[in-house]
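The structure appears right after this line, and notes come after that.
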Amino acid sequence: MYSGGNDWVRSIDVTRTATLDANGKITTTIGSIEPDVTFTQNTIGVLVESASANPNWFKAGTLFQGFPVPFGSAGFAEGEEFRVILRRYMIYRFTKYPDIGQTKYLISFTPQWYIKDVRLQIWQYIGTNQGATLDSLAALSQQEIAQTAKLQASVNKVQTSINKLIKLNNG
């Protein structure tokens, strides 16, 4: 499903470095990376690398999804969030909000405090199979439940008819 290279567009490629003292200790951590890039697709690919990170470190940080809010004074409401693993390609599909293909959102990445340098790369999947949202899955489940209830009612009628026939044959 995600194998077509042309179906992925790199939207973010950002490198940040913490401020270090003369001994190489962090004096100012890397703050949240909040690129001014608008996303419109619900599936993204993420890769976070760090040249100075120990090989046994796995947690790179947390990625947040933010939506513009039509109320209040200004800003964004937090959507979904997930932990990003260091040095590992990850594919994540946001499912919390409906109609993601028409909703715009931003990304914010907060690296772990102990990371000295970080490179954040994010791709948007622009292919045709974006997958389902939780709302569409819930609607589909309700349709299936209603259909199952109708089938069960038909089965019950048939069972009642069979029971009457058995009673007549035995009676």
Say each of Thr19 and Val158 gets a label point 7 Å from the Cα, pointing the same way as Cα to Cβ; how far apart are those two points in nm? 7.6 nm
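Would you mind counting up the charge near Phe82? Only other residues with Cβ under 13 Å from its Cβ, with Lys and Arg at +1 and Asp and Glu at -1. Numbers along the way, then the final one.
Values: positive: Lys59, Arg83, Arg88, Arg93, Lys96; negative: Glu78, Glu80, Glu81.
Its environment carries a net charge of +2.
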Using DSSP, restrict attention to beta bridges with both residues in segment 1-126 and report what percent are antiparallel, rounded to the nearest 5. 95 percent
Can you give the convex hull volume per residue for the Cα atoms of segment 22-90, as a whole number of Å³? 133 Å³
If you project the alpha carbons of segment 1-116 onto the principal axes, what extent comes out on each, in Å, largest first? 50, 42, 19
Taking Cα atoms only, helix 134-170 is inclined relative to the longest principal axis of the chain by an angle, in degrees rounded to 10, of 20 degrees
Multiplying the sequence separation of Leu165 and Phe67 by 0.36 nm and subtracting their Cα-Cα distance, what value in nm do you get? 29.0 nm
Segment 1-45 residues near the modelled Glu80 label - backbone nitrogen below 12 Å, point 7 Å along Cα→Cβ: 41-45
Applying 1/(1 + (r/R0)^6) with R0 = 22 Å to the Cβ-Cβ distance of Asn56 and Thr29, what FRET efficiency is obtained, to the nearest 0.05? 0.65
Unit-weight point scatterers at every alpha-carbon of segment 55-99, Debye formula, q = 0.15, 0.19, 0.23, 0.34 1/Å: log10 I(q)/I(0) is -0.52, -0.71, -0.87, -1.23
Around Pro35: net Lys/Arg minus Asp/Glu count, Cβ-Cβ under 15 Å: +1
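We did not get these values from a lab; they are worked out from the coordinates using the rules stated. Note that the coordinates shown come from a computational prediction; the quantities given were computed from them, not determined experimentally. Note that we place each Cβ from the backbone using ideal geometry, even for glycine, and neighbour counts take in every protein chain shown.
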